[in-house]
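Here the structure comes first, spelled out in structure tokens, and everything after it is commentary.
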Amino acid sequence: MPTKVLMVCLGNICRSPLAEGVFRHLSKGQDFEVDSAGTANYHTGAAPDSRSIAIAAKNGIDISNQKARQLTANDIATFDHILVMDEQNLQNAYALCTSAEQRAKIALLTSASGHEATHVPDPYYGDEKGFDFVFNLVHDCCKNWLKKHT
């Protein structure tokens, strides 16, 4: 049975789709199932931001077929690990929990990074440099998370 990992950001069009794509790429051949979601429903059904698609493609990862969706209580119940991008996502995910066991599944993606960043910043209102930074941070975090959990 695969370990189920869910990446979570606000709208599920910038950070969490990148994290899903990077994690899927880095864990290829391992027993993981990965998905992503947003804590808000702003972009439900939409493709990832074109800048996320571009930076992923530049790094050999295709996220163009992903579709945004909102985080649900069922996600909290069924995923083994829920990795969130920032403190607000953490609080929003905690709000869907019904037990301490569920809360224990949720962590900041950066908590496994060995990186000085305490969260993955939202690049939505910035330029391509912000997406480059986010991609590299997410890549480091996913790589280090996999080292700790495999």
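The values are calculated or read from the model by the stated rules, or taken from the named source; none is laboratory data. Note that the structure is predicted; figures quoted are calculated from it, not measured. Counting neighbours? That spans all protein chains shown, and the Cβs are built from the backbone with ideal geometry, glycine included.
Go through the range 1-112 and tell me which strands (runs of 3 or more DSSP E), entirely inside it, have 3 or more residues that are without any contact (Cβ under 8 Å) to a residue 40 or more places away in the chain and farther than 22 Å from Glu128 by Cα.
Hits in the range 1-112: 32-38, 106-108.
Test Pro123 against the stated conditions and say whether it is crowded, with 18+ Cβ neighbours inside 10 Å and either in a helix (DSSP H, G or I) or among the charged types (D, E, K, R) (or both).
Taking the combined requirement at face value, the residue does not satisfy it.
Can you name the condition, by its number, that Phe32 falls short on among (1) at pLDDT below 95; (2) surrounded by 17 or more Cβ atoms within 10 Å (Cβ to Cβ); (3) aromatic (Phe, Trp, Tyr)?
(1)
Within the range 55-78, does at least one residue satisfy the condition of being surrounded by 12 or more Cβ atoms within 10 Å (Cβ to Cβ), closer than 18 Å to Cys142 by Cα and small (Gly, Ala, Ser)?
yes
Give Arg51, Arg24, Arg15 a once-over and let me know the one that is more than 12 Å from the chain's Cα centre (by Cα) and at pLDDT 95 or above.
After applying the criteria, what remains is Arg51.
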